[in-house]
Structures are given as structure tokens and as C-alpha cells.
Amino acid sequence: MSTSTAAPPKAGPPSVESLTVKVDGRAIVVPKLSPDWQGKPAPTTMIQACEAAGVTVPHYCYHPKLPVAGNCRMCLVEFGTPALGPDRKPILNPDGTLKIAKSPRPAIACATPVSPNMEIYTTTPGVKQMREGVLEFLLINHPLDCPICDQAGECKLQEYSVEYGQAASRFAEQKVHKPKQVDLGPRLILDDERCILCSRCIRFTRDIVGDDALGFVNRGSYNTLTHYPGRPFDNNYTLNTADICPVGALTSKDFRFQMRVWFLRETPSLCTSCGTGCNLLIGSREDRIYRYVPRENEAVNGCWMCDAGRLNYGWVGRRDRLTECRMRHPKGGWQVTNWPALLAAVTEKLAQAAPGSVALIASARQTNEELYLLSRLATRLGALTDAVPRPGQADHLLVCADRNPNSTGARVMGLAATPLGANLPRILEGLRSGKVKTLVVFGEDVTALGVEPALLARLDAVIVSDILPSPTTELAHYLLPGCAHAEKRGTFTNVKGRVQKFMKAVEPRGDARPEWETLTELARGLCGLGNFGGIEGLFNQMALDIPAFEGLTWSKLGDGGANLVLPIPPQP
Amino acid sequence: MPAEFRLILKHADEPGYTPDLECYLRHDGYAALKKAVALAPKTLPDGKTLRPQEQLRQEVMNSGLRGRGGAGFSCGLKWSFVDRRSGKPVYLICNADESEPGTFKDRQIIHKDPHQLLEGMILSCWANDVHLAYIYIRGEMPGGARLLNQALAEARGAGLLGKNVLGTGYDLEIYVHRGAGAYICGEETGLIESLEGRRAYPRIKPPYFPAVLGLYQCPTIVNNVETLCAVKHIALMGGAAYAKLGTPNNTGTRIVSISGHVNRPGYYEVEVGRVTLGELILDPAFGGGLRPGRKLKAVIPGGSSAKVFKAGERFKIKRKGADGKETLVELDLLNLPYDFDTLIAAGSMSGSGALIVMDDTTDIVAALANIAEFYAHESCGQCTPCREGSLWMAKALRRLTSGQGRREDAEYLAKIADNIPGGRTICAFGEACSWPVQSFVAKFKEDFVARGVADEERRAKAGAGPSTTLKLAASPQS
């Protein structure tokens, strides 16, 4: 019989194994394993170690969220490892330091794992020459049409040419000509002459989207990117390929020739097309939105977003936006008014409403702050409330079945039923029975929910806030023009309970005004709430009042948002 | 007197020798296999037992056999790298994608003695516990593929292949896979990609070393046709006896393909290192010398990607004596022993064993243009330096051979070529396409400069303007 001599398992979390490498002479400790493109632990690569050391290694084909291809050769670096004696033990220098044997061959930093005491050199003449060489090769057959290229200004070929390239070309031959203005799919144009064949787009659509639609044909320098014959490149994520294309080969039909990128102001914002809450940057100039591009957020969308969400901005600039404060004239017809008068009238009307005679239909497209204020009003008025669900089809990547950006917020505030819209039949019944005499609608078209126009006409008051005209806004007694998210600040809570903020990119149209401002004034009049001191104060007050937001402040949200502290009851 | 030493090609060219099983068996075929599977486990002094399979692997290691495909890497070492602990199946692939210009040795074996290859493969598979193997044959060799399939059917019928090989309980299946006509499929990881059904883009190493992550991400051995045939002979005669053939570290025999301006172009099997380059070119037993009145101008010693030698070159080569001491020997080109190490020391390589001989009637610029055209056409285009550099050099040489040369073109070509090799590319194609240019331009610079100067002068006379205003040669594919 033998007794076990194995040591008992160590208590506590396993220690992160690390190793020391030197990048351009500076020692740095890096973990042995780092997340690969799928987030799985894999041996730390040279490029990751260099990044940790604050050293940028130029690259085209490498993308942290895509499988490594190693084809551009821009990230070639020189390196050395401890020299070993015949006894396989490291040889020491006279001063006791490790003797380093420099590798005779360079390595691609994107695919080569680091090893203990490795030295990586990124500034040697050899590295400089390799970068120059690669850039020269990439440029010889490039059309050099930057003045008419949409990528200009955010083009890696331009940037690296300035940083690492040569000024003059010695190319004395005819360039290779390839297809131009290729209609790759409904949303993309491909210029094969600009393509540097890095294969990022191919890997993205194959490995991230699961749609193996792109590939190379021909051979050698004649290699040409193309889509599967007879099948346009059309999935809901195609435009991400234009983002990750390091050059101007893939350009968005929507953005093509619209604006030079250096004129664009970039505002951190969120996508409002579903409950995922993809982080994005609004590119705008002079109060006009030109594009959305995804903004990296590991906790939400990685660095991708869907095409549907990305292109869903045109409505912000629509000509028929509601831009006037309006009241229905006692004798019929509209009367254009101003905010003080409109808010005074609405406050008076609501103050007069008997408890239980008010119904409030909110929108899960409104911000947490707005929904919070509405919930305070609803409590004061004893109103029956709910929000309108927008069910859709989820996909395997980012699109969520809940097409409202803030259903979670509406539920956490107690405004919306679970499931969303469960109270709507009761509200409808109240309207029909005459029990509900005042209807407050924010951002929804109630006629689409089965509320007949005649029913609205019977009510004491129909108070509507919206951005775009609808049958409901036409029937409103009081019309409060609201703002698109791009025109205000606020927060949404996504389906997973992450609270994220967005910033103002463009000015509101006409008299349109952020709803949270309007609601602050109504809440002051009706509930006696004070002035919050801007959106920050409002958020912080909300966080104090609503348990789920405990511990959060506007500033703590940062750029990436924060999770609600309470578990969110699942929506069936 | 130098002479051929026919080991692998022993019977291939005998009158009446046919590629069928019956003939092979009549010539002691599959004796090596029968001998190997009958081996008993061996007990070592330290008490460990060596399985028969391990014994054969040890014999291959002892034989010093080096790969006959081009790189000359130790076969035993390659086998020792195989990850046998992964729990994944181990695959073996016979690389029969012989396509290095100047090389025509593997096809002799395939066409004339296919069962020898199968025996070598079955042995190698058995030694490495491989149960599924492929012969990746060049698409341009349909006859070879047909013969191999015929041989495989015969072997299956005779119980040499399939379930329960020779009643040993060992199962092995071998399939022939035809390529679709790309040189790069001869690069082992490109071959694997192609076999998996994709474009033959060579894989990055790390992490995709075939011995660990090869075919279907499983450990994989890729060996050349001739290498696998040598395994048969090692199994038969033993590693030590095989190592006595040839010279130390350059053991065994190899088939040399001689082409170009010689009287007797053809394939000759020799003991490695026992014959000099000069003998291979000039001896009546081999190349048989140049045609009357011709003088040697250049030799490419190991397939078109090897660096060229210029007639009259002299080399100082380190030689290890029997006592382990290194001595410096001065040798001229024709006295270089044709082996792996000497040719590397002389700045080139024996590569695929293809000797391309050029006499003094050769237009060296046109010869290089021809080679460059081949590599530009065959570059897979995956990684930047090779993709762009190979065609750039070919275009420059196209220009230089069509009357549009410039005096600076030699310099220009060398600078392009210098940016391609040395680990800048994913696979060795970068070296393959740039070494010819580097060596031709360096060793025959005067030919290139003279061509450029002549073109410039002719254009100036014709009033074509300065050299910078070039009438560019049209690219045939664009």
C-alpha cells in the first residue's frame, strides 16, 4: 500500500504565468497566454508584447479579432533568444547577463509567440529596410489615386508610406491592371487595383459571419479579390469589411464620395436599431450625419456592427422632422406655439387630470433618464403605463430579437410591463371604456396599436412627443417635438443590462428639444422635482432613486458603459 | 572511373522490367516490407523495449538519409518531430509534385517502378503508425497517377495494403490525389492546403509545422518520392550499411537530372558526394561533355531556383577531416563533389538534384528572363514580397530582353531581389524566385550592363530619347 505524496492543491486563484521579454531594449513582463482572436488563451505573440511595451508594429493583415494570416509581412521584426551552450544551458555574458543569440531570420510579430528572455528589435536598420521593401512592393501596382479615394485620411497605406516608406519610386514597368468599380454586393464597391490582398475581408466574412462569400482568384501578382460567382456579397455584416480594409479597396456605397474623412467630427454614440446597443462613432459635419462606424467595446460588439444598424441614420436628417411646438386650436386646426406656453398648457392639463384617468405609453427608444422622469410623472398621475415592444429576428452575431434599444431601461424604471406591452390591452380597454381620459404618448404611433383615431378625438387630452410625423402626432392635442439620440446626450440599457452613454453629435432641428429637458420641466411643475443640473445630475439622481442603478454615476460609465447591479428579470 | 550507382533505379531501365506487381515481386519486391514486419521487439540495455516500428525509425535515423525533394533535411529527424502524443492520427503524404524546372527523377520511379514507391511508403507509414496516406501527384502527370492507382489496386489485392497488411493486423490505405497544376503545391504546407481542398497557400510556421499541425490539423509527414524509396533500401540493408554509401553526412544515392547543353542529358543515380560536378557534366558515363566547340558558361546545380555557378569559379570550402578538424580546401567549380553540404558551402545547393548546364552560346539575360517568368507565373501571391517581387523582376527582364534595357537594370534587379528572401516570405518560394536573379546578376553583371548600354545607345541613335522614357513592354496577362 502506498500513501500519496502529492502536494495538496494550492489554495486561491491560479497565478497568471508570465515571462519577461525585451522590446527595443526595454524589459517588460507579459503573460504567457493572451487572448487570441476568439478571446481564447493562446501563447502571447510578439505583436501583443510590443503593444504592451507601447511599441507599435505596423501591420496590414493582422487584426486582433481575426485569425492570423501572416501574409502582408509588414510586421516583420528581428529578434534574439538566449544563447544555449552545448549543455543546453544559457550562456552568460561576462557581466552575468544572458547572452542573446540574434536570429538570422526575421519573424512576423503577428504569429510568433514570445519565449522567456526573448529580445525583440523593431527599430534596427534591418527592420527598417524590410518595412521599406514591403511598402515598395505594395505600392508598385497600387493606382496611387488618393485624391479620389474615400479611404484617404484613414488609409494604412498612406500612413505607413509616410512613416516607413521611401519618397521616390524606382518602378519602371507597367502596373498590373485589375477590375475597378466592382459591384460586390448591395452595399459595397470593390477596387481591385487598390487591394493589397491582406485577406482581412475574406477572413471576416468566413470566420466571423460564417458566410464564406469572398475569395481570391488568379495567381501571384494577378491575385484578385472577388465574390462567389453569381452570388452578390450580401449579408448583414458586409460593411465591416470596408472598416477593416486597410486601404480603399472596399468602400461603402452609402458613404462613397460623400465626405472626406478628415472633415468628419467623430462622436461616441450607440446604435438604436436593437437591444444589443452596439457602440459606434457618428461621423458628422456641420450638423449632418455622414456615417456610423462601429466603436470597439469588448463587452458589447467587439469591433463590429450590422449593416442595418449602421445605415439607420437617414431619418435623423429627414425634411419632415417635427420641428414646431404645436397645440390644437380649440376651434380646430393647429396653432404653432413656443415651449413655455406649450409646457405650461401641458402641465395645467395634467395637473387637472383625475387620478387613474391618465394612460402613458412610453417608448423603449427613449433614454433611461427620460424614462425615469416619465416614471416619476406616472407615479404622480397614477397613470397606467407601458412601452411598445418591437419583436424581430435575432441572428447569431449581434442583432437581437428585441428591436428597441432600451427595453431593459423601460422595465427597470417600472414603466413597462414584463413582457413589454403586456399592459397595452388594458390601456386600450381603458381608452375604449372612457375610463382613460388623458393619453400621454412618447415616441410611438398608437394608431398602429389599435387605437382608432375616433377614440383619440374623444379624449380630454392627447399629449404627444415625437421626432417624426405619424398618424398619432397628427391627432395630438399637444405636440412636443423631440430629439434624435444623435442630437442629445443620455444612456440606454441594453438587453444584457449594460448601461451605456451616448453623446450629442448634431444640433436639434428647429424647436426640437431633448425630451429629458422637457420632462424635467414637467416634473418640476407636477412633482416638485428640482433642477438636476444637466444630464449628469439627472443620471446621478436616477442612480440614487432606482435600485438597479446603485453605485453608478455618469462619469463612472466611461466610454464603455457599466453593468446594472441587479440581475435583470429575463423577458419571456 | 566515376560510374553510376543504381540502387533505386536498379531495375527501372532493365529490358523487360514492367511496372506491375508480378514483375516487382519477381525482383524481390516487398521483401523489405516482409522483413520489417517480421522484426521482433528489441530489448535495450536499459531494459526498455523498442517496437519493430521504432527500430525502423532508428534505422532511418542511422542511415543519415536526407530529403531528396530540395531542402535536404534529415528524414529521421523529420520523423522524430512528429507529435505522437496528441492522440490525433498521423498522416503521411508522398510529395510527387515534381515540378522544379530541370528535375525529372521522381517520374522515372513512378512510371517505371511504382511498387518500389509503394513499398517505401508502406514501410514509412508502418514505421510511423500511419493508417492513411496520400500520394500528391502533379496534375501534369496523368499517366503516373494511372500507374500508381493500378499499383495500389494490385497491392490491395495482394494484401499489401488495406485492412490487415500481410496479416500483421496493421491497416493502411493510400490514395492518389492529383494536383491541378501549380508549382507551389510542391511546398509541403501548400500541398497540405491543396489536399484539403483549398488554394495552395503555404501555411505560416509557426504554428503550422506539419509534424504537429499538418493535414487536417493532425501530425503529418511529407516526404519526397525518392526519399520514400530510399526507406525501402534502408529497411532492407540497414541504416549503417546505407550510411556507408555516399559520404559522411551526405549518405546514400541520389538521382541527378542533367539537362541543357550536354551530349547526354538524362537521369543518373550516383552515390552522393562520390562524383564531382565536372564529372557529371563531362564524363561519358554521365552528361558526356559539351557539344563540339562549345565552352561551359554556367551551371545551375539544383533546379532552377538554386544559385547559378559561373564557369571558372573557385571556392574555398571548409572540410571536416576524419579527425574532426576543419581544413580549408580550395576547389574549382568542376571539382566540387556533388553533395548537399559542399554545394551549400559553395553558395548554392543541390536542391532537387537537377543540373542545368549552359554553354557559351547561352544568352544569360534571356535564360534568367525565362526563369523569372516561371516564378512570376507560379508565385501563389499570398505574401507581399514574393507576389510583387517575382512579377516585378520578370517584367524588368522582359523589358531587358525586348530592347528596352537600361544600364542601371542590373543594379535595379539586384535591389528588387534583395527585398524578397531571407525569411521575409511565408515559404521558400521567396528564395526560389530571388536566388536566380541575385546570382545571375552578381555573376554575369557584365552581360546585363552590356545589354542595357546597347539598348540605350540604339535608342539614342534612333532618337528614342533618354532611357527614362521607356516604351513599356505590355504585360501578357493584364
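Legend: mean number of C-beta atoms from other chains within 10 angstrom of residue C-beta atoms, peptide A:193-199, equals 2. Shielding by partners for peptide B:374-384, expressed as the average number of C-beta atoms from other protein chains within 10 Å of each residue's C-beta, is 6. Rg and Dmax, both from the Cα atoms of region B:21-244 and both in Å, are 16.5, 52.
Between B:Phe81 and B:Ala454, the modelled labels are 4.6 nm apart [label points 7 Å from Cα along Cα→Cβ].
The alpha carbon centroids of region B:26-75 and region A:304-382 are separated by 86 Å. Restricting to the protein assembly as shown, what percent of DSSP beta bridges are antiparallel, rounded to 5? In the protein assembly as shown, DSSP labels about 65 percent of beta bridges as antiparallel. Accessible surface calculations at 1.4 Å, restricted to protein heavy atoms, place the protein assembly as shown at 41 Å² per residue.
Mean residue ellipticity at 222 nm from the helices of chain A, using -39,500 (n - 2.57) per DSSP H segment of n ≥ 4 over the full residue count, to the nearest 500 deg cm²/dmol? About -6500 deg cm²/dmol.
Counting, for every residue in A:168-176, the Cβ atoms of other protein chains within 10 Å of its Cβ and taking the mean gives 6. Taking each of B:Lys34/B:Lys88; B:Lys34/B:Lys112; B:Lys112/B:Lys443; A:Lys180/B:Lys205; B:Lys48/B:Lys78 in turn, the alpha-carbon distance tops 29 angstrom for B:Lys112/B:Lys443; A:Lys180/B:Lys205.
Could the peptides A:487-500, A:469-482 be put in order, highest first, of the mean number of other beta-carbon atoms found within 10 Å of their residues? List each step's numbers first, then the result.
On the way: A:487-500: 23.5, A:469-482: 21.2.
Taking the mean over residues of other Cβ atoms within 10 Å, the ranking is A:487-500, A:469-482.
Note on B:Lys445 and A:Thr379: their simple-model spin labels are 8.9 nm apart, each label 7 Å out from Cα toward Cβ.
In the distance distribution for region A:10-131, Cα-Cα pairs more than 26 Å apart total 24 percent. Computed over chain A, relative contact order equals 10 percent, with contacts defined as Cα pairs under 8 Å that lie 6+ residues apart.
Computed over the alpha-carbon pairs of chain A, the distance histogram in 10 Å steps reads 3, 15, 21, 20, 16, 12, 8, 4, 1, 0, 0 percent, short to long.
Rounded to a whole number, what % of the accessible area of region A:313-410 do carbon and sulfur atoms account for, probe 1.4 Å?
Values: 2180 of 4110 Å².
Carbon and sulfur: 53 percent of the exposed surface of region A:313-410.
Using every Cα-Cα pair within region A:456-540, state what percent have a distance larger than 19 Å. When every Cα pair of region A:456-540 is considered, 52 percent fall beyond 19 Å.
Of the GluC sites (Glu not before Pro) found in region B:158-245, those that fall in a DSSP loop while having at most 15 other beta-carbon atoms within 10 Å are B:Glu196.
Since only A:Thr493, A:Trp516, A:Val565 are under comparison, the one whose Cα sits farthest along the positive direction of the charge dipole of region A:471-572, derived from C-beta charges on Lys, Arg, Asp and Glu, is A:Val565.
Count neighbours as other Cβ atoms within 10 Å of each site's Cβ, and list the chymotrypsin sites (Phe, Trp or Tyr not before Pro) in region A:160-233 that are DSSP loop with at most 10 such neighbours.
none
Rounded to the nearest 0.05, the FRET efficiency derived from the C-beta distance between A:Lys496 and A:Glu298 at R0 = 22 Å is 0.95.
When A and B come together, around 3400 square angstrom of accessible surface is lost from both chains combined, probe 1.4 Å. Our note on the geometry: Cα centres of region B:369-385 and region A:261-276, 44 Å apart. Among B:8-15, B:434-441, B:60-67, sorting by the average number of other beta carbon atoms lying within 10 angstrom of each residue, highest first, gives B:434-441, B:60-67, B:8-15. Compactness check for region A:372-415: Cα Rg over 2.2 N^0.38 Å is 1.44. In the protein assembly as shown, a dipole from Cβ-located charges (positive for Lys and Arg, negative for Asp and Glu) runs towards its positive end, and of A:Cys50, A:Val412, A:Gly537 it is A:Gly537 whose Cα lies farthest in that direction.
Out of the DSSP beta bridges found with both residues in region B:21-244, what percent are antiparallel (nearest 5)?
On the way: 4 of 21 bridges.
The antiparallel fraction comes to roughly 20 percent.
Here the spin labels are modelled as points 7 Å beyond Cα on the Cα-Cβ line, and at A:Thr553 and B:Lys295 they lie 9.1 nm apart. The Cα center of region A:23-65 and the Cα center of region B:306-360 differ in position by 43 Å. Computed about the Cα centre, the dipole magnitude for region B:364-461 is approximately 240 debye when only Lys and Arg (+1) and Asp and Glu (-1) carry charge, each at its Cβ.
Here r is the Cβ-Cβ distance between A:Val16 and A:Arg319 and R0 is 41 Å; the resulting FRET efficiency, rounded to 0.05, is 0.10. Annotation for region A:400-458: trypsin sites (Lys or Arg not before Pro) lying in DSSP loop with at most 15 further Cβ atoms inside 10 Å of their Cβ are A:Lys435. When the other protein chains are added to the chain by itself, burial of at least 40 square angstrom of heavy-atom accessible area (probe 1.4 Å, ligands and nucleic acids ignored) affects these residues of region B:394-421: B:Lys395, B:Tyr412, B:Asn419.
The values are calculated or read from the model by the stated rules, or taken from the named source; none is laboratory data. These numbers were taken from a predicted model, which means no experiment stands behind them. No Cβ is skipped: glycine too gets one built from the backbone with ideal geometry, and neighbour counts run over all protein chains shown. For the accessible areas, the whole protein counts, side chains as well, though only heavy atoms, and no ligand, DNA or RNA atoms are used. Shrake-Rupley method; radii C 1.70, N 1.55, O 1.52, S 1.80 Å.
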